[in-house]
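A.B. asks: My questions all concern the structure below.
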Amino acid sequence: MMILGDIQHYEDERLLYHSSIRKAIDYLLAHNPGSWEPGKYEIDSSLMFVLVQDMLTLPERDLRYESHVTYMDIQYLVSGEERIGVVKHSSGLQVAEDTLEELDVIFYNHVQREAETSIVLRPGQFAIFYPSDVHCPCMFVGEPGSIRKIVIKIHKNLWQT
């Protein structure tokens, strides 16, 4: 159920989002974490937090698909551009590494391209990934480049109510 949004349209669409998503995006708009140093910042203790990340986009062959169980991701692009591959979770996916206990992430072996949906994020756009959305962030568009990204993690206790 991945959702693609744009901050330019947020005010018109905000009531379509769950209250936890609105809280996260409202926080983003009110605090401009894009100007913060890279790192982790709490919004609501361990239930909702922000990761400010500066990264280099890479070819898909150098990246892995991932999913989460406990947290939903809102990935907001501050600068640069990034391609993200997305597939729905299925029993056909092969787990490459399971770090759910420590990091709430499962990494997968190669995903069939014909099953993938690909999106491109540009500054001001965001994607929301639920646990059923297996995603591969940080792929380059055209050629590798620098991006600044804000990832807001929302614990399932906040959006399953």
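Derivation of every value follows stated rules applied to the coordinates shown; laboratory data play no part. As the structure is a computational prediction, the values presented were derived from the model and not from experiment. Cβ sites come from the backbone with ideal geometry, for glycine too, and all protein chains shown count toward neighbours.
A.B. asks: Considering only C-alpha atoms, what is the centroid distance from the range 1-73 to the range 79-93, in Å?
C.D. replies: The range 1-73 and the range 79-93 have Cα centres separated by 15 Å.
A.B. asks: Take W36, W159 and order them by how many other Cβ atoms sit within 10 Å, fewest up front.
C.D. replies: Ordered from fewest to most neighbouring Cβ atoms within 10 Å, W36, W159 come out as W36, W159.
A.B. asks: Here's something else I'd like to know. Is the shape of the range 68-118 rounded, prolate or oblate, going by the alpha carbon gyration tensor and its root eigenvalues a ≥ b ≥ c, with a/c under 1.5 for rounded and a/b larger than b/c for prolate?
C.D. replies: Oblate is the answer for the range 68-118, as a/c is 1.5 or above yet b/c matches or exceeds a/b.
A.B. asks: In deg cm²/dmol, rounded to 500, what helix-only [θ] at 222 nm does the chain give when every DSSP H run of at least 4 residues adds -39500 (n - 2.57) and the total is split over its residues? List each step's numbers first, then the result.
C.D. replies: Working: 4 runs with 25 residues, N = 161.
Counting only the DSSP helices, I get -3500 deg cm²/dmol.
A.B. asks: Which peptide among 143-149, 41-47 comes first, and what is the full order, when sorted by highest mean count of other Cβ atoms within 10 Å?
C.D. replies: In descending order of packing, they fall as 143-149, 41-47.
A.B. asks: May I have the convex hull volume per residue, in Å³, for the Cα set of the range 6-149?
C.D. replies: 122
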